[in-house]
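For reference, the structure is listed below as structure tokens.
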């Protein structure tokens, strides 16, 4: 009796700093289990901006792709062989796909993640102005996602005038009516969709502005230590609240398919994430 050919290991992983909190390994591994991809492994790696190029250069042929979180979403432009127009627009790369020649094709799946998380938003809310709180890489992805789902206008709220102006410029390039305001001025009206991209430790000041007159939907991109002060305030005010887990799962599902070539089991990945966060 002869043994079959050895199974070739296929690898992917998430890079960033800090990274120990990441749920990405759990989500991808849940997907591998459902799809019976027994030769696939997904691991977590602490990598700083200055370490990214050297880390990628040492990866062997078994690697099929990497997910990137902060602070690598902009640094990845320096190592990418190609960059999709979407990632160029967002100025944010969160996914590198291994090329046959050993290089890396770069893209952004955060936009798809936000679009997926906002899927339950009814048409009446999409027709109202939207607000993006924050001005970083995720905020730019949020503007692209809001343009994709058809909102007419978006207010950008942030701490510094120059950062706000850059995101407003992106929104206007996408034919969205847009204005910038200071962070504490974000709730000047009753927006249909609010996307908060600020970290949990900064959400109390954002939460303080929510009142019972707000009737739309909040996507808080934070998923750890849920609910955040902002999510609590929005729930108490009667808003529909979506956690960052939904965004994380939907963007991970796109990565899963790019890396493996297999359709992602989105609901199984979502159940795995919810189970982990409820422990």
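Summary table below
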quantity: Mean separation of Cα contacts under 8 Å (6+ apart) over length of segment 1-144, as relative contact order %; calculated: 20
quantity: For the chain, convex hull volume per residue from C-alpha positions, Å³; calculated: 133
quantity: Förster radius 25 Å - calculated FRET efficiency between residue 21 and residue 237 (Cβ-Cβ, nearest 0.05); calculated: 0.35
quantity: Nearest-0.05 FRET efficiency for residue 36 and residue 100, computed from C-beta distance (R0 22 Å); calculated: 0.30
quantity: Angle in degrees between helix 137-149 and the longest Cα principal axis of the chain, rounded to the nearest 10; calculated: 80
quantity: With Cα atoms, 0 to 90° folded angle of helix 244-260 axis to the chain main axis; calculated: 30
quantity: Percent of Cα-Cα distances greater than 22 Å, calculated over segment 54-145; calculated: 35
quantity: Share of Cα-Cα pairs in segment 179-225 lying beyond 18 Å, as whole percent; calculated: 26
quantity: Projected area, mean over directions - segment 112-246, Cα convex hull, nm²; calculated: 6.8
quantity: Span from the segment 164-195 Cα centroid across to the segment 200-237 one, whole angstrom; calculated: 18
quantity: Inter-probe distance in nm under a simple model that places probes 7 Å from Cα toward Cβ, at residue 62 and residue 81; calculated: 2.1
quantity: Burial ranking of peptide ranges 22-31, 106-115 (average Cβ count within 10 Å, highest at the top); calculated: 106-115, 22-31
quantity: Computed over the chain: relative contact order in percent, which uses C-alpha pairs under 8 Å that are six or more apart; calculated: 17
quantity: Highest-first arrangement of 193-205, 139-151, 267-279, where packing means the average Cβ count within 10 Å; calculated: 139-151, 193-205, 267-279
quantity: Ordering of 97-105, 67-75, 167-175 by burial proxy (mean other Cβ atoms within 10 Å per residue, highest first); calculated: 67-75, 167-175, 97-105
quantity: Extension gain from residue 201 to residue 74, taking 0.36 nm per residue of separation minus the Cα-Cα distance; calculated: 43.4 nm
quantity: Tilt relative to the chain, helix 161-173 - C-alpha long axis, 0 to 90 degrees, to 10; calculated: 80
quantity: Nitroxide proxy distance, nm - points 7 Å out along Cα→Cβ at residue 148 and residue 208; calculated: 3.5
quantity: Hydrodynamic radius (Kirkwood) for segment 33-106, which is based on Cα pairs only, to one decimal in Å; calculated: 13.1
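Every number in this text was worked out from the coordinates using simple rules, so none of it is lab data. Just so we're clear, the structure is a prediction, and the values are computed from it rather than from any experiment. So basically every Cβ, Gly included, is an ideal-geometry build from the backbone, and we count neighbours across all protein chains shown.
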